[in-house]
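Remarks on the structure that follows.
The values are calculated or read from the model by the stated rules, or taken from the named source; none is laboratory data. Nothing here was measured: the structure is a model prediction, and the numbers come from that model. For neighbour counting, all protein chains shown are included, and Cβ atoms are generated from backbone atoms with ideal geometry for every residue, glycine included. Ligands, DNA and RNA are excluded from the accessible area calculation, which covers all protein heavy atoms including side chains. Shrake-Rupley method; radii C 1.70, N 1.55, O 1.52, S 1.80 Å.
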Amino acid sequence: MSIADKILIENVRDILENGVSDEGMEVRPHWADGVPAHTIKKFGIVNRYDLSEEFPIITLRRTFLKTAIKEILWIWQKKSNNIHDLDAHIWDSWADENGSIGKAYGYQLGVKHHYPEGDFDQVDRVIYDLKNNPASRRIMTNIYNHHDLSEMQLYPCAYSMTFNVSGNRLNAILNQRSQDFLAANNMNVCQYAALVHMLAQVSGLEAGELVHVIADAHIYDRHVPIIKELIEKETYPAPKFIIDKSVKDFYDFTPDSFSLENYRYNTDDIKFPVAI
């Protein structure tokens, strides 16, 4: 069993046994047939992954690492808000007729701001500080921009990262306001774990700890029987995460810069509806 499997199983059982249902309340999400999508949720889940021990990918079912990395590069490297720049269909339900998701995610990271050292967008500022000011306690990003919320197709779920260099280790906190546990949990964990590895490598550091804070960790009503069955499946040891060590510039990473060695997983054939 991987560490990620253990954490996910514990989280799911905690949500199902101790969570609170929003049945009977008016909710925004709905299913494709128009029926309101209710959840059972747990407030304030905090998970810690030591990236020096193993890469936090589950084996209960397959997490498609390259798809996860395509999305994180779309947001952090391309700084795009248009799905035509993304070789995946994750965001199709939220895009307009031109493919835009509005002033969300990558758009916010790409806006330049003025500093005494010069003009930087949020990503380049992080990289600059990791290389030049590693002792700083101000290395962070935030894409929950209230000024632009009305022009976003979806408010950011994973909205801020705080980076901290301890010795030669790059640690990070991912703050997430909301998470669909079946659809997105391990995908998000793998994305931001890979991001920490990337930023560490280009800054001459080692990947340390990823702390994942989820304010509203929820399981949708139509996902409950599916996720109950999932957490009973056989698990395997975590695979070895391989990153192309020759890459020294963050903007040179591609999805092919990453691979998994000996990734065994129980199944990749789990079908479930997605609430929108």
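Taking the stated definitions as given, is Glu206 farther than 30 Å from Ala32 by Cβ and touching a residue at least 40 places away in the same chain (Cβ under 8 Å)?
Yes.
When the residues of region 118-152 are filtered to those that are touching a Lys or Arg at 6+ places or on another chain (Cβ under 9 Å) and assigned to a loop (DSSP other than H, G, I, E, B), which remaining residue is farthest from Lys79 (Cα to Cα)?
The selected residue is Ile139.
Identify, please: which residue in region 22-37 is touching a residue at least 60 places away in the same chain (Cβ under 8 Å) and touching a strand residue (DSSP E or B) at 6+ places or on another chain (Cβ under 7 Å) and is, among those, surrounded by the fewest Cβ atoms within 10 Å (Cβ to Cβ)? Even if it seems obvious, please write down each step before you answer.
Within region 22-37, the first condition is being touching a residue at least 60 places away in the same chain (Cβ under 8 Å), and the residues that meet it are 23, 29-32, 37.
Still in the list and also touching a strand residue (DSSP E or B) at 6+ places or on another chain (Cβ under 7 Å): 30, 37.
On the way: His30: 13, Ala37: 21.
It comes out as His30.
Quick check on region 97-110. Is at least one of its residues free of Cβ contacts under 8 Å to residues at least 24 places away in the same chain, open to solvent by 10 Å² or more (accessible area, probe 1.4 Å) and at negative phi?
Pass one, region 97-110, residues free of Cβ contacts under 8 Å to residues at least 24 places away in the same chain: 97-99.
With the extra rule that they be open to solvent by 10 Å² or more (accessible area, probe 1.4 Å), the set shrinks to 97-98.
Of the ones still in play, those that are also at negative phi are 97-98.
Yes, because at least one residue in region 97-110 is free of Cβ contacts under 8 Å to residues at least 24 places away in the same chain, open to solvent by 10 Å² or more (accessible area, probe 1.4 Å) and at negative phi.
Name every residue in region 158-191 that is touching an Asp or Glu at 6+ places or on another chain (Cβ under 6 Å) and closer than 25 Å to Lys228 by Cβ, in order of residue number. Steps first, please.
Just the residues of region 158-191 that are touching an Asp or Glu at 6+ places or on another chain (Cβ under 6 Å), to begin with: 168-169, 171, 178.
Matches in region 158-191: Ser178 only.
Mind checking which residues of region 235-276 are surrounded by fewer than 12 Cβ atoms within 10 Å (Cβ to Cβ) and at pLDDT 95 or above?
Lys245, Ser246, Lys248, Asp249, Asp256, Glu261, Asn262
Which ones in region 166-209 are over 30 Å from Val27 (Cβ atoms) and part of a strand (DSSP E or B)?
So the first thing to find is which residues in region 166-209 are over 30 Å from Val27 (Cβ atoms), and the list is 166-172, 193-209.
Once the filter is applied, which keeps residues that are over 30 Å from Val27 (Cβ atoms) and part of a strand (DSSP E or B), region 166-209 yields Ser166, Arg169, Leu170, Asn171, Ala172, Glu206, Ala207, Gly208, Glu209.
Every residue in region 46-72 that is of a type in the set (A, V, I, L, M, F, W, C) and either open to solvent by 10 Å² or more (accessible area, probe 1.4 Å) or not in a helix (DSSP H, G or I) (or both), please.
Result: Val46, Leu51, Phe55, Ile57, Ile58, Leu60, Phe64, Leu65.
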